[in-house]
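Contents: one structure, followed by commentary.
The values are calculated or read from the model by the stated rules, or taken from the named source; none is laboratory data. Values in this document were obtained by computation on a predicted structure and should not be read as measured data. Virtual Cβ from ideal backbone geometry, glycine too; neighbours counted across all protein chains shown. Protein only, heavy atoms only, side chains kept; ligands, DNA and RNA dropped before computing areas. Shrake-Rupley method; radii C 1.70, N 1.55, O 1.52, S 1.80 Å.
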Amino acid sequence: MVEVGIPKVSVVVPAYNCGPHIEKLAASLLRQSLPADEFEAIFVDDGSTDDTASRLDRLAAEHPHIRVLHIENSGWPSRPRNLGIEHARGEYVFFADDDDWFADEALERLYACAKTHDADIVVGKMAGYGRSVPRELFRKNRFAATLENSPLIDSLTCHKLFRRSFLNEHDLRFPEGGKRRLEDHSLVVRAYFLSRRTSVLSDYTCYHHIQRGDARNVTAAQLDPSSYFASVRDALDIVDAHTEPGPLRDRLHRRWLRNEMLSRLRGKRLLDAPEDWLEQVALETQKIIQDRFAPGVAAGLPPLLRAVAYLAERGRVADLRRLARWEAGIAAHGRIDELQRSDRAVTVTVAAELRSADQPVGFRADDGRDVLVLPMEEIAPEVLDSTAQVRKARVDMVARRRETGDEIFLPVTFQTERITAADTVHLVHRATTTIDFGVLNGGRTRGSWLLKARITNAGWTEDARLPLVFICRADGSRPRIRDERKVWNRLRSAVGRRIRR
């Protein structure tokens, strides 16, 4: 029972020179289904030099449940968030960024989940725009998630609901003192270990996380490798303080190896990096692999990432660049083999595969093993052993609502066919899904839905965009299907006629 006058939720928002970008977040807060007298929003203006302060003051003057704190510039979100906690009155606190926004029922649903399951933390489903989000974590609801039983470690941003008394009980605060990269990790990892119950709400997209086109998000600037990887080591220290050597520690460490190190040393991301910066990142990665990780950390990666880790540990930057040039051409390709429809439902069968340029990603036989074929020599076959990953390779069918970014995993049946050509094997996945637009996304189907085949194999997770768009009315009845290939062909034909004239 919440005391009368105590808000259910306090939304804490650090704001700095966001200008008009704040409007989308503000509008989403004013649309919340949770009544205005049951939550508050605390904006902490971190010494903005544009019109952000006046925008926020006008907003607070018009809406009693919105407050604004003005502070001297701290240069980073940590100090504003910590001040927000100190001024918050809500039973729960949610940390939002000034350029993101909430779905209309987000706070009501997050709070209901927290109360129903007596959770210290609720992780609400996120949609990403230019930012990655932990897709696998949101495959299903997880009302008693732990670091042992779920991929909770994949979600380390602070955009979550926290019980305020839990934050205060354990003095959970963001590290201050200059620009501390990965400041979220410091708080969130500790919180996961200390939480009595953590719930993951996956059946409603609560939070929309954006990378602004002007790239002025405060953490979007190119990182300094030395200080960044010092923050990685700090996060690893927290894991080590709460675990013993063994499989769990290895699995948690693997998250930083995969996301903060190897992701910067592969594909287009590496090719776009300045040479001197890349050398520093490779060196820092090499040192952490050698100094901090047990052999089981890299060994638990899929073969492509094992290869990147293998090259990084040995300082083979030129080979990392060669591998990146090859990987930059990898894409998922899919085609529709069959389409059937009824009143509310559509059944689609697709074939999908991974290809690099015009060649499928291949595996060669080696002593009964499937070994990933890469464009370089001198990588030990056991590093590239893909036997287990080939056996577990899968294709998911995903519907994405164009207007909101909501992604829904669809029920799917699939088979994987091994195609032999010369001395290599490649995989073709054939999948069938039935989309019932009467129940999809809890019946919230109004809008345009795109269909994707998502292939997971050997270290890649790639989406093949299929050329169908399903356009739905509010009641979900008989969606209209638009084949974008026909639209494109008509456009191309029209353009061609104009050119001939």
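Worth a mention:
- Solvent exposure of the stretch 90-226 as accessible area per residue, Å², 1.4 Å probe: 37
- Normalised by the number of residues in the chain, the average gap of Cα pairs under 8 Å and 6 or more apart makes the relative contact order 10 percent.
- Full-extension gain in nm, Asp154 to Asp237, via 0.36 nm per residue minus C-alpha separation: 28.1 nm
- Each residue of the stretch 154-161 is assigned a 3J(HN,Hα), and the resulting list reads 6, 10, 10, 6, 8, 6, 9, 9 Hz, derived from the Karplus form 6.51 cos²θ - 1.76 cosθ + 1.60 (θ = phi - 60°), x at Gly and Pro.
- Accessible-area ranking of Trp326, Trp460, largest first, probe 1.4 Å: Trp326, Trp460
- Relative to the Cα centre, the charge distribution of the stretch 81-213, modelled as +1 at Lys and Arg Cβ and -1 at Asp and Glu Cβ, gives a dipole magnitude of about 260 debye.
- DSSP beta bridges fully contained in the chain are about 75 percent antiparallel.
- Cβ-placed point charges (K, R +1; D, E -1), dipole of the chain about Cα centre in debye, nearest 20: 2280
- Comparing Leu30, Ser48, Gly19 along the charge dipole axis of the stretch 1-76, the residue lying farthest to the positive side is Leu30, per the Cβ-charge model.
- Within the stretch 65-137, GluC sites (Glu not before Pro) in DSSP loop having at most 10 other beta-carbon neighbours inside 10 Å: Glu72
- When His208, His70, His426 are compared by accessible area of protein heavy atoms, the largest-first order is His70, His426, His208, using a 1.4 Å probe.
- Length available on full extension from His333 to Thr434: 0.36 nm per residue minus the Cα-Cα distance, which gives 34.3 nm.
- Calculated [222 nm] ellipticity per residue, helices only, for the chain: -9500 deg cm²/dmol; basis is -39500 (n - 2.57) per DSSP H run with n ≥ 4, divided by all residues, nearest 500.
- Between Leu69, Leu451, Ile121, the Cα set farthest toward the positive side of the dipole of the chain (charges on each charged residue's Cβ, about the Cα centre) is that of Leu451.
- Candidate lysines for bridging to Lys392, where Cα separation is under 25 Å - those fewer than 8 sequence places away on the same chain excluded: Lys140, Lys452
- Computed from backbone phi, the HN-Hα couplings of the stretch 426-437 come to 10, 10, 10, 9, 10, 10, 10, 9, 10, 9, 9, 6 Hz, rounded to whole numbers (Karplus: 6.51 cos²θ - 1.76 cosθ + 1.60, θ = phi - 60°; Gly and Pro given as x).
- Per-pair calculated FRET efficiency, R0 = 41 Å: Glu62 and Ser342 via Cβ, rounded to 0.05: 0.25
- Calculated FRET efficiency for the pair Asp367/Thr404, C-beta based, R₀ 35 Å, to 0.05: 0.10
- Within the accessible area of the chain (1.4 Å probe), percent carbon and sulfur: 49
- Summary of packing: across the peptides 159-167, 9-17, 37-45, 55-63, the per-residue average of other C-beta atoms within 10 Å ranks them, highest first, as 9-17, 37-45, 159-167, 55-63.
- Ranking Lys392, Lys287, Lys125 by solvent-accessible area of protein heavy atoms (1.4 Å probe, all protein chains present), from largest to smallest, gives Lys392, Lys287, Lys125.
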